[in-house]
Number of protein chains: 2
Amino acid sequence: MTLLLDNVEAAEMVSEKGQALGMQFPALIEIDCDNHRSGIRPGDPRLLDIGARLHRGPGSALRGVMTHAGDSYNCGSIDALRAMAERERAAVVECAQALKQADLPCPIVSVGSTPTATFAERMDGVTEVRAGVYMFFDLFMAGLGVCSIDDIALSVLTSVIGHQAERNWIITDAGWMALSRDRGTAKQRVDQGYGVVCDLGGRPIDDLIVADTNQEHGIIAKRNGKPLDMSRFPVGTLLRILPNHACATAAQHPQYQVIAHDPVVEAVWPRFSGW
Amino acid sequence: MTLLLDNVEAAEMVSEKGQALGMQFPALIEIDCDNHRSGIRPGDPRLLDIGARLHRGPGSALRGVMTHAGDSYNCGSIDALRAMAERERAAVVECAQALKQADLPCPIVSVGSTPTATFAERMDGVTEVRAGVYMFFDLFMAGLGVCSIDDIALSVLTSVIGHQAERNWIITDAGWMALSRDRGTAKQRVDQGYGVVCDLGGRPIDDLIVADTNQEHGIIAKRNGKPLDMSRFPVGTLLRILPNHACATAAQHPQYQVIAHDPVVEAVWPRFSGW
């Protein structure tokens, strides 16, 4: 376990708690590289104060710095993603240098975010890249230009369980409990609803999306709401839904069924979940 | 396991599959009481056809009818909720009578939805009420007038881990992975963000809500974005977040910690999850 913190209060608490338990908690200092969430900004004098308390406190050990360029999710072009990657790298490397110049250890210099991991042109000074969605990709990343739809390696298998022909709806057994409530593509150029509908081979079918969901029901329709040929999708038809956000969708399930050639399941990978 | 279906194709598939396995699958016919999702409407001649196939098919057993008045979530008044409850009841009772008149069995007559379960004035002919949120309630139900904030029995315990004082943000360790992505109150009169912030006793604090979330970070702010006194919420402060939607939030966790008088955990209830 490595702790992540961005303030003197937390550094003191960690060190006191560690001392009380007879342990040294390893800790990273969170750096705010993009004014997006939490962390301290490069140049903030509190960096050295937090670093010194973690390093010299009896129950803590300073292990380095980390950041997550969450604002890369709002970049509008590949050039902007490249610039964000460099901004992310420069932020943590600058902070690592400041710590070292103050005779504080900084063995870990960690960056994150799938868009910046994909488009970074340099990683000088970085020791760790934490990119979560990277291994699967998803519709949000495709909408951002980070991958193509074909690159998406995660899907939810679902069955057609009924039709509402007069509404041009196919009803499935995968609602938001299976797909997650993530509607991350809603503000992108192409709104993918609750996911893109594919055949068993993972090929998107026409312009079908999961247009809406209930808790345990998915509603598949054409993106434009126009009629579709229900006879192509009889009850029992198996479909695959590509997710808006791989993290959110995967978290709704206890394990991964690993397939190379459908329908053979080559492995079952349990998921790590919880806190 | 009782199956739920609303079409002849599915009834035939179930019966064939049951026959192949040497089993009789019990099945309910889904009734659409409110034109909201799936099911067949009262008066639809397919009811008797589906019922007869389930009853006479070798691998299936007709157990009755069920509905879910999902459209009750859109009711604007208590009178509208009462009317919806009666519409829900009448729909399944009418279908049950039609099945019985055709000499088909209908031992189960099942209704659902927390708003209608709360405000129903009659349950004649109903044998089962499935109301999920009912046992916990949540902010959506409070917004609908079904319960008060004080009635909500489910919360997520979180710690303050930092501040962004210049933005009037308190940062916590409960992001949408802990709270769920459900933003069901966004379209209600009072938008509760990702949840209402309470003290350990479950009492709402001023007008604090979880204004935004990242995957593992919650951002607490005043609803109006105005300044708040950070010194009241030092790092390490424990808070409780009331959920927009109890189902979605609970599903993010493997178990319930049952408390009557904080902080004593009187029981741990594992959750049923998955499909």
With a 1.4 angstrom probe the carbon and sulfur portion of accessible area for the stretch A:97-223, in percent, totals 48
In vacuo Debye sum over C-alpha of the protein assembly as shown, base-10 log of normalised intensity I(q)/I(0) at q = 0.05 Å⁻¹, listed in q order, is -0.25
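Assuming 0.36 nm per residue, please report the length gained on full extension of the stretch A:THR127 to A:GLN101 beyond their Cα-Cα distance. Kindly include the intermediate steps, with their values, before the conclusion.
Values: separation 26, 0.36 × 26 = 9.36 nm, distance 1.81 nm.
Extra length from A:THR127 to A:GLN101 when fully extended: 7.6 nm.
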With the label set 7 Å along Cα→Cβ, A:ASP44 is separated from its counterparts in the other copies, in nm and shortest first, by 5.7
Distance in Å, no decimals, from the C-alpha centre of the stretch A:126-157 to the one of the stretch A:81-104 is 25
Of the candidates B:GLY125, B:CYS147, B:LEU104, the farthest towards the positive dipole end of the stretch B:57-164 (Lys/Arg Cβ +1, Asp/Glu Cβ -1, centred on the Cα centre) is B:LEU104
at B:ASN74 the sorted inter-copy label distances (label 7 Å from Cα on Cβ side), in nanometres, are 3.3
Listed by chain and number, the lysines with an alpha carbon less than 23 angstrom from that of B:LYS187, same-chain partners under 8 positions apart left out, are A:LYS187, B:LYS222, B:LYS226
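I'd like the mean, over residues of B:175-186, of how many other protein chain beta carbons sit within 10 Å of each residue's own Cβ.
Values: counts 1, 7, 6, 2, 0, 7, 9, 3, 2, 1, 0, 0.
Per-residue shielding by partner chains comes out at 3.
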Square roots of five times the C-alpha gyration tensor eigenvalues of the stretch A:117-192, ordered largest first and given in whole Å, equal 34, 14, 10
On complex formation of B with A, accessible surface lost, both sides summed, probe 1.4 Å, nearest 100 Å², amounts to 3100
In terms of the charge dipole of chain B, which places +1 on Lys and Arg and -1 on Asp and Glu at the beta carbon, the residue among B:HIS261, B:ASN7, B:HIS163 farthest towards the positive end is B:HIS163
Looking along the axis that carries chain B onto chain A, the residue of B whose Cβ comes nearest, with distance in whole Å, is B:ARG181, 2
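May I ask you to give the solvent-accessible area per residue for the protein assembly as shown, in square angstrom, as obtained with a 1.4 angstrom probe? If you can, show how the numbers build up before the last one.
Numbers: 25190 Å² over 550 residues.
Per residue, the protein assembly as shown has an accessible area of 46 Å².
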Residues hit by the 50 Å² burial cutoff in the stretch A:1-45, accessible area with a 1.4 Å probe, assembly against chain on its own, are A:GLU9, A:ARG37
Amide H contacts under 5 Å for B:ARG130, restricted to residues at least 5 apart in sequence or on another chain and with H modeled in the peptide plane, are B:VAL111, B:GLY112, B:SER113
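Out of the DSSP beta bridges found with both residues in the protein assembly as shown, what percent are antiparallel (nearest 5)? The partial results should precede the final answer.
Working: 52 of 86 bridges.
Here the share of antiparallel DSSP bridges comes out near 60 percent.
Quote the Stokes-Einstein diffusion coefficient, in whole µm² s⁻¹, for the stretch B:40-98, based on the Kirkwood radius over alpha carbon pairs, a temperature of 4 °C and a viscosity of 1.567 mPa s. Display every interim value, and only then the final one.
Details: Rh = 12.9 Å.
It comes out at roughly 100 µm²/s.
Sorted from largest to smallest, which semi-axis lengths in Å does the alpha carbon gyration tensor of the stretch B:15-116 give for its equivalent ellipsoid, taking the root of 5 times each eigenvalue? Intermediate values should be presented prior to the final figure.
Numbers: eigenvalues 165, 35, 20 Å².
Gyration-tensor ellipsoid for the stretch B:15-116: 29, 13, 10 Å.
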With the label set 7 Å along Cα→Cβ, B:VAL265 is separated from its counterparts in the other copies, in nm and shortest first, by 3.0
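The values are calculated or read from the model by the stated rules, or taken from the named source; none is laboratory data. Predicted, not measured: the structure shown is a model, and the values here were computed from it. Don't worry about glycine lacking a Cβ; one is built from the backbone with ideal geometry, like all the others, and counts go over all protein chains shown. Surface accessibility is based on the protein's heavy atoms, side chains included, excluding ligands, DNA and RNA. Shrake-Rupley method; radii C 1.70, N 1.55, O 1.52, S 1.80 Å.
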